[in-house]
1. Can you order the peptides 208-218, 115-125 by their average number of other Cβ atoms within 10 Å per residue, highest first?
2. Going by average Cβ density within 10 Å per residue, which order do the peptides 99-112, 176-189, 16-29 take, highest to lowest?
3. Based on other C-beta atoms within 10 Å, arrange Lys98, Lys82 from fewest to most.
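A short reminder: the numbers here are calculations on the coordinates, not readings from a lab. Fair warning: this is a prediction, and the values are worked out from it, not measured in the lab. Neighbour counts run over all protein chains shown; Cβ positions are idealised from the backbone, glycine included.
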Amino acid sequence: MKCPGQDMKYWKASAIFDAQCPKCNAIVEFYKDDTSRRCGNCGHRFVNPKMDFGCASYCPYAEQCLGALPEEFTGARDNLLKDKVAVEMKRFFQTDFKRIRQATAAAKLAENIGKVEGGNLAILLCAAYLHGTGPIAAQAILTKVGAGEQMIEEICELLSQNPTVQESDSLQAKIMHDVLTLLHFQEELKESLKTTTIVPQTDEMKLFTNSAKSLATSLTE
């Protein structure tokens, strides 16, 4: 059975359209299911400007249906997976809203630090969402949403090595360590405000990245 979106008998007139080559401005005809086409004038291959690659992040038949994604989309699939992981994380915790809130806060920290430090956001965000689920559940969720073996291995490694991160470890490991350290600091800070206990000090934390250190300082200002 063909996917209805790819079966030409369901197509409308707009399914075949012209696009301008970004190199020479020549007109290139596209079918809506073309992932890319080569310009007949200059030979430049460019992606279909109207194609939605979202289904490729979770569909097990994406490779057979779409073929190899263009080079500029090689990271798109992993990046889109983080949204699926966020949904599965909420399903896993169900009504444990504290855990859901903590996972969401961790993901926000991972995004803020990762952007500044140049980390792999897809890996970091998935790891942040899954940090409280446990290694078995994390691997099961990643498998369910269609993550590749290498991605699963990288995320699970990040989740397992956090307590023992050293200066010689990877940037990803350092960022993840800082994310979870700051998350714990935020929880302590909230608790201290509720109970009027001593506010925790940022200089007591071991942080590797400058952006995490800046965030820690801003939390107590």
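1. Details: 208-218: 16.7, 115-125: 19.8.
Ranked by mean Cβ neighbours within 10 Å, highest first: 115-125, 208-218.
2. On the way: 99-112: 19.2, 176-189: 21.0, 16-29: 13.3.
In descending order of packing, they fall as 176-189, 99-112, 16-29.
3. Values: Lys98 10, Lys82 23.
In order of increasing Cβ crowding within 10 Å: Lys98, Lys82.
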